[in-house]
Amino acid sequence: MEKVEGVYPIPKWITDYHKKFMLKERTRCFKTCSKCGETRLISRFPIDRRNPDGYSGICKTCKNKYYQARYARDKDRIKALNQKYQEKYREVHKESYQEYSRRYREEHKELFKDFAKKYYLRNRRAVIERSKKYYQDHKEAVAVRKKRYREENRDKIREYERKYRLSEKS
């Protein structure tokens, strides 16, 4: 190797290494699906860290077809498993979910009021029918509740009646 002042030539082993590396990089951009046999971009394969290259051997399209067929075949069993999991999850996280719901309702009171009002306006007849039916089915319980309310809120009721009488006079 001839040395030129300030410039050093690149050794052959480095240029060979670089060529091999670039060839690997170019081939890493594509992969052949073991299911359909098509060569596709590496981005068309799901990530799977168990494989040396970090991607699954089956493309996303083939995997989706497989999972759709599996779901169609075992729909009832999969739904039962999901429902079982959801029930268990709700049971374990019941208190935290209740706390979250309570806090959310407090923070969004106006939203819930608006929703209830709109629902009532859309379903007014059904709501009135349901209320009448409930009253007919639970007359004693409603009477007890009304009596308890009157006893617990005497001052509030008196104030309301006083304001009502004043507004009637004017």
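Details
- Check on Leu111, surrounded by 10 or more Cβ atoms within 10 Å (Cβ to Cβ) and either among the polar types (S, T, N, Q) or part of a helix (DSSP H, G or I) (or both): yes
- Checking Thr61, Thr39 one by one, the residue that is under 30 Å from Cys29 (Cβ atoms) and surrounded by 12 or more Cβ atoms within 10 Å (Cβ to Cβ) is Thr61 and no other.
- The criterion of being of a type in the set (Asp, Glu) and exposed (fewer than 10 other Cβ atoms within 10 Å of the Cβ) holds for Glu95.
- Flag if Lys84 is surrounded by 12 or more Cβ atoms within 10 Å (Cβ to Cβ) and modelled with pLDDT of 95 or more: no
Rundown of residues vs (1) among the basic types (Lys, Arg); (2) not in a loop (DSSP other than H, G, I, E, B), yes/no style:
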residue	(1), (2)
Ile58	no, no
Lys65	yes, yes
Ala69	no, yes
Asp76	no, yes
Gln83	no, yes
Tyr104	no, yes
Ala126	no, yes
Val144	no, yes
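- Any chance Leu41 is aliphatic (A, V, I, L, M), touching a residue at least 12 places away in the same chain (Cβ under 8 Å) and out of contact with any Ser or Thr (no Cβ under 6 Å at 6 or more places or on another chain): yes
- Of all residues in region 138-153, those that are free of Cβ contacts under 8 Å to residues at least 24 places away in the same chain have Cβ atoms under 8 Å from Cβ atoms of residues that are of a type in the set (A, V, I, L, M, F, W, C), 6 or more apart or on another chain, in Arg150/Ile157.
Okay, residues lined up against (1) among the aliphatic types (A, V, I, L, M); (2) modelled with pLDDT of 80 or more:
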site: Met1; (1), (2): yes, no
site: Glu5; (1), (2): no, no
site: Pro9; (1), (2): no, no
site: Thr15; (1), (2): no, yes
site: Lys20; (1), (2): no, no
site: Leu23; (1), (2): yes, no
site: Arg28; (1), (2): no, no
site: Thr39; (1), (2): no, yes
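The values are calculated or read from the model by the stated rules, or taken from the named source; none is laboratory data. Note that the structure is predicted; figures quoted are calculated from it, not measured. Neighbour counts are summed over all protein chains in view; Cβ atoms, including those assigned to glycine, are modelled from backbone coordinates with ideal geometry.
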